[in-house]
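Below is one structure, written out as structure tokens, with a few remarks after it.
Any read-out appearing in this document is the output of simple, stated calculations on the displayed coordinates, not a laboratory observation. Since the structure is predicted, the reported quantities are computational estimates derived from the model, not experimental observations. Methodologically, a virtual Cβ is constructed for each residue, glycine included, from the backbone with ideal geometry; neighbour enumeration extends over all protein chains shown.
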């Protein structure tokens, strides 16, 4: 089965220090293109993100030996981590409903 064209996890992840030094808000999405849970959650994530076009969003390929995912202790995919000024504000694992992602994004600072 082909993967969704919406999914595109970047295999070249930034360093943890680069993430921590990112100014403003940043959404990290950890997963892999072939993951069924990632594919199932993608429509809800995409829909919720439409209300936040200014939010930087990185889809990061994760897996064994992937340093960035390990630094965030990612265990299940997809895992969303909302950062602001290098600090984790909230985390959401395996969302399936747009309402879950919308509630998660309410942690964004004004």
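Odds and ends about this structure:
- From helices alone, the chain scores -8000 deg cm²/dmol at 222 nm; the rule is -39500 (n - 2.57) for each run of n ≥ 4 DSSP H residues, then divide by the residue total.
- Volume per residue of the convex hull around the Cα atoms, evaluated for the chain, comes out as 95 Å³.
- Stokes-Einstein diffusion of the stretch 44-89 at 4 °C, 1.567 mPa s viscosity, Kirkwood radius from Cα pairs, rounded to a whole number: 107 µm²/s.
- Note on residue 56 and residue 11: their simple-model spin labels are 2.4 nm apart, each label 7 Å out from Cα toward Cβ.
- Peptides 74-82, 56-64, 13-21 ranked from most to least packed give 74-82, 56-64, 13-21, packing being the mean of other C-beta atoms within 10 angstrom over each peptide's residues.
- Put simply, when 88-101, 22-35 are sorted by average Cβ atoms within 10 angstrom per residue, most first, you get 22-35, 88-101.
- Antiparallel bridge percentage (DSSP; both residues within the chain; nearest 5): 65 percent
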